Amino acid sequence: ANSSSFPPSDWVETTLGEVATFSQGFQVSTDYQYPEQKEGFVRFVRIVDYTNEGEKPRYIENPERCFVNEDDLVMIRYGSQTAGKIVRGIAGVIANNTFQIKPTENIDKNWLYWFLRQDSIYQFLNKDQSSSTMPAITFTQVGKLKLSLPPLPEQQAIASVLSAFDDKIELLREENKTLEELGQVIFGEWFGKYGVDDELPEGWRVGKLGEVGQIVCGKTPSKGNPEYFGGEIPFIKIPDMHSEVFIVNTEDSLTELGASTQKNKFIPKKSICVSCIATVGLVSITSKDSQTNQQINSIIPNDKKHLEYLYFVLVNMKSDLLAIGSGGSATLNINTSTFSNIEIIVPNEETLNNFHNATTPIFIKILDNLHQIQSLARSRDELLPRLMS
């Protein structure tokens, strides 16, 4: 529709509060001891379950209410990066830092999901949150959201077009998961039988991470200078590392000016980032020259042909990294010195080169798929507001 004919005559001007109801999440006391999963217990779904893949699920007994299904609509209420974010439900009981949105019969649930995914909606919900240390979305705010509601068949058609992008993205993610699992199988067959205390093949040795690459601990430029942020240089933080072999998107970025204040913190593409504070053991590879914050130690391999081997070594060390990071402290922490001195097996050059040749096509395909995902997501997000109007 062009501007002179919008909204179409059969579209209805209304508000979300008039066509949907909102259900508050369930409150659990702070001293509640979450048991292991057993019969009669259901999953207790928190914000972290939507934003931190790999987080161990928690369960509660005999919940009173707030059950959700996988296709239900859930909005996150709190957090500087998450308040106002609409997500698909995870089967279980939602916590009170989220709430469920239930549309009436004349609204397609998928259409409403995409409507709430728009940047303009997110900005509306957060416009009065800038001065708050803990932004919080209220039912009143969400209820005031204005929408132009197409007839149900048009809603379904719009949702179908947008969901097709997500279906393709999901297929590519599944392919990447399979590819990484294939790489893991090859790694296990070649190296899985050896530990640092075992007798190693001739020419192999035990070395330290700091011997096979340069270790760089990240740092955050002064946030007091807005000219340091919002440029073209990726600034990697732990949320950027979840579930991806390569980092192709970052929430924050640095300007040339911001990055120049800490030139020694640059890490080139094909460096390996490892989360070492609070959330320990996430491993990802840079796809561009980047910088990271102080929660991440990175290794720049001395030989790029060692990249794939070092990646799988670190991925398979997660339990060891967690043990190293505990150190009696309430907050997990692996400092740069400790990280540099972690012992690993260093095979001979011929074996490392052969492993590189065997796994390089896997990593190339994974990165290509991630770039396709990035392109599809960009096209979808550009199309979204146009379809909604």
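The values are calculated or read from the model by the stated rules, or taken from the named source; none is laboratory data. In this text, all values refer to a predicted model and were calculated from it rather than measured experimentally. Every residue, glycine among them, receives a Cβ derived from its backbone with ideal geometry; neighbour counts consider all protein chains shown. Accessible surface areas use protein heavy atoms only, side chains included; no ligands, DNA or RNA. Shrake-Rupley method; radii C 1.70, N 1.55, O 1.52, S 1.80 Å.
Applying the selection to region 181-194, what residues are surrounded by 11 or more Cβ atoms within 10 Å (Cβ to Cβ) and in a loop (DSSP other than H, G, I, E, B)?
Passing the criteria: 192, 194.
So residue 175 clears everything in (1) surrounded by 12 or more Cβ atoms within 10 Å (Cβ to Cβ); (2) acidic (Asp, Glu); (3) modelled with pLDDT under 95 except one condition, right? Which one?
The single condition residue 175 does not satisfy is (3).
If the requirement is being modelled with pLDDT under 95 and of a type in the set (Gly, Ala, Ser), which of these qualifies: 260, 271, 253, 243?
243
Can you pull out the residues in region 250-275 that are within 22 Å of the chain's Cα centre (by Cα) and β-branched (Val, Ile, Thr)?
250, 267, 272, 274
Which of the following residues is at pLDDT 95 or above and over 23 Å from residue 351 (Cβ atoms): 123, 156, 184?
Result of the check over 123, 156, 184: 156.
Out of all the residues in region 359-371, is one or more touching a residue at least 40 places away in the same chain (Cβ under 8 Å), open to solvent by 10 Å² or more (accessible area, probe 1.4 Å) and in a strand (DSSP E or B)?
Checked against the condition, which is being touching a residue at least 40 places away in the same chain (Cβ under 8 Å), open to solvent by 10 Å² or more (accessible area, probe 1.4 Å) and in a strand (DSSP E or B), region 359-371 yields no hits at all.
Which pairs do you get when a residue that is closer than 21 Å to residue 277 by Cβ, found in region 210-230, comes within reach of a residue that is assigned to a loop (DSSP other than H, G, I, E, B), reach meaning Cβ atoms under 6 angstrom, with the pair 6+ apart or on two chains?
That search, which allows pairs on different chains as well, returns 213/302; 218/293; 218/294; 219/262; 219/294; 220/293; 221/261.
Any idea which residue in region 19-59 is least open to solvent (accessible area, probe 1.4 Å), counting only those that are more than 27 Å from residue 282 (Cβ to Cβ) and part of a strand (DSSP E or B)?
20
So residue 64 fits all but one of (1) farther than 14 Å from residue 24 by Cα; (2) part of a loop (DSSP other than H, G, I, E, B); what number is the exception?
So the condition that residue 64 fails would be (1).
For region 77-88, how many residues are open to solvent by 10 Å² or more (accessible area, probe 1.4 Å), part of a loop (DSSP other than H, G, I, E, B) and closer than 18 Å to residue 112 by Cα?
Counting residues in region 77-88 that are open to solvent by 10 Å² or more (accessible area, probe 1.4 Å), part of a loop (DSSP other than H, G, I, E, B) and closer than 18 Å to residue 112 by Cα gives 2.
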